[in-house]
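First comes the structure, then the notes that go with it.
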Amino acid sequence: MDKPRFRLSHFDANEGRLVLAADGMDFDNAEAMLDRFCQLIDANAQDKQTDADLHTWLVDFEGVTFMLKAEHYSASVWLERLGKEGDEELLFLHRWLSRQLAFS
């Protein structure tokens, strides 16, 4: 697989969701792309589930558990907070990824 191309799509602070476009993602490479995304942000997968059209992972980022999802039909990846924790981490990732992905 070529180097995955992620682009920020949108950030919804109220809903606690950071969405990225994942150029070139399909069902067969979605797990590898999620692995690469986790490496990029230094997150650790705690649990992985694959359904017909959705990959759903629990990931730890900076001590906070998030839901990481990938849907190949829309070629999107999104990170969601699970509870009240995670707003600061999502805001940090939004700002950091804005800079990192601009140069990739």
Fewest Cβ neighbours within 10 Å first, please rank Trp96, Trp57, Trp78 accordingly.
-> Trp96, Trp78, Trp57
A student applying the Cα gyration tensor rule (rounded when a/c is under 1.5; otherwise prolate if a/b is larger than b/c, oblate if not) would label region 1-75 rounded
Within region 18-43, find all residues whose amide N lies under 11 Å from a label point positioned 7 Å from the Cα of Thr50 along Cα-to-beta-carbon.
-> 27-33
When the chain is fully extended, how far beyond the present Cα-Cα distance does Asp87 get from Glu31, taking 0.36 nm per residue of separation?
-> 17.6 nm
Rank Asn29, Asn14, Asn44 by mean-square fluctuation in a GNM of the chain with C-alpha springs under 10 angstrom and give only the top-ranked residue.
-> Asn14
Hey, in the GNM for the chain with a 10 angstrom Cα cutoff, which one of Ala13, Ala70, Ala52 fluctuates hardest?
-> Ala52
By how many nm would the segment from Tyr73 to Arg99 lengthen if fully extended, with 0.36 nm per residue of separation less the alpha-carbon distance?
-> 6.7 nm
What are the residues whose amide H is under 5 Å from the amide H of Ser76, where those residues sit 5 or more places off or on another chain and H is modelled from the backbone?
-> Ala22, Glu71
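Coordinate-derived values only; no laboratory data. Worth saying up front: this structure is predicted, and the values here are computed from it rather than measured. Neighbour counts run over all protein chains shown; Cβ positions are idealised from the backbone, glycine included.
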